Amino acid sequence: MPAFTVLNPATEEPVAEVEPTSAEAADAAIARAVAARAAWRDVAPGERAALLRSFADVVDAHIDELATLEVTGSGHPVGQARWEAGNLRDVLRYYSAAP
């Protein structure tokens with residue numbers, strides 16, 4: 001199966017090539033996700049909150065980069081893409097209080 005070319009919807013220029021994967025590779029990725037969930041469940045609530053806040057800080061430091069990726073890959077307007085990245089940051093901070 002050939003690679004899939006991701007196009008910038010605004011310019012139709014190629015952005016990336018995505019190689020196909022096998023059912024076995026997909027199953028392995030799912031198994032890793034299940035294991036990660038179990039490991040995350042065992043993280044103490046205070047540490048989990050700190051990790052989520054740290055992740056939010058990284059997102060905040062890269063909002064423009066994340067917005068550029070969103071614009072390039074999906075064609076969203078840059079203002080909307082910045083809002084989406086900021087919303088991700090805010091959701092991470094919000095849920096850091098949940099644990």
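Just so you know, all these numbers are worked out from the coordinates, no wet-lab data involved. Bear in mind that the values here come from a model prediction, so they are computed numbers and not experimental data. Neighbour counts are summed over all protein chains in view; Cβ atoms, including those assigned to glycine, are modelled from backbone coordinates with ideal geometry.
What FRET efficiency comes out for A10 versus Y94 if R0 is 35 angstrom and r is the Cβ-Cβ distance? Round to the nearest 0.05.
That pair, A10 with Y94, gives E of 0.65.
Using Stokes-Einstein with the Kirkwood hydrodynamic radius over Cα pairs, what translational diffusion coefficient do you get for the chain at 4 °C and a viscosity of 1.567 mPa s, in µm²/s rounded to a whole number?
Answer, rounded: 81 µm²/s.
Which of the chymotrypsin sites (Phe, Trp or Tyr not before Pro) found in segment 8-99 are loop residues per DSSP with 12 or fewer other Cβ atoms within 10 Å of their Cβ?
Here no chymotrypsin sites (Phe, Trp or Tyr not before Pro) fit, given the DSSP loop and packing criteria.
With each pseudo-label sitting 7 Å past Cα toward Cβ, what's the F55-E84 distance in nm, one decimal?
1.8
Round to a whole angstrom and tell me the spacing of the C-alpha centers of segment 26-50 and segment 52-94.
One Cα centre to the other: 23 Å.
With the contact rule set at Cα under 8 Å and sequence spacing of 6 or more, what percent relative contact order holds for the chain? Don't skip to the answer; put the middle values down first.
Details: 94 pairs, mean separation 29.3, N = 99.
Reported as a whole number, the value is 30 percent.
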